[in-house]
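We did not get these values from a lab; they are worked out from the coordinates using the rules stated. All values reported here derive from a predicted model rather than from experimental measurement.
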Amino acid sequence: MENTVLLVLSLNTALRRQMDVIAHNIANVNTTAYKEERVLFETYMQEIDGQELAFVKDFAVAIDLSEGPITATGNALDVAIRGDAFFQVDTPDGIRFTRAGHFELDADGALVTSDGHLVLGDDGFPILTIPGDTEIRIDSKGTVTSETGEIGRLGLVFFEDPGTLVKQGAGLYATEATPLPATDAKVVQGSLEGSNVQPIVEMTRMISLLRAYQAAQTFADRQDELRNQAISSLANVSQNV
């Protein structure tokens, strides 16, 4: 019975981890360009008291990088990406990548993210507007222009293995892989990409996990009850001897 309790504990730990990830997805259903997460599990064998037992554990969190819905905002500095690509931004921790295109102009006229990180062009330098520019236009290839002419081009990149991307928070990703020019990607000015989380699907998965957790807990409680009954029976036998 002790082994059974260990197996149930392993299962409940995995279910709780999965529940935490689902709750995080639901909390970010309205976050710009948020990408849904999924827990990956693996089974491993361990010998306990001469018996081989199969346990389960989570070994990674996978990111679903599929495109979220694109919604028009009317803001000229909002930019969404259609296709497999990321913007490059310069942060205090180095170059990071994002699909959250809610941009602004800072006091120096540089294009920055909502957190103040410089948006980089395809030449690796910040995109600087000319003082006094008011009509900022961004075409489908990412070329930024104003009434005074061309300013630069957004540095859109992609990765051959997107599995190397690691979430850093605030819609940013880090990787040691080399970014490649995303020539097939298109940008949409005046729009933002939404979260790719499907709330109904996540709620359904949460309900299923809750039922599985309750079933496992009920089984554990039953095993505990059987153990207590066995202990009581042994105590009665000892008293009668």
Can you give the Rg and Dmax of region 70-193 based on its C-alpha atoms, in angstrom? 13.5, 42
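Tell me, what does the Kirkwood hydrodynamic radius of region 132-214 come to in angstroms if you use every pair of distinct C-alpha atoms? Please report the intermediate quantities before stating the final value.
On the way: mean 1/r = 0.0600 Å⁻¹.
Radius from the Kirkwood sum: 16.7 Å.
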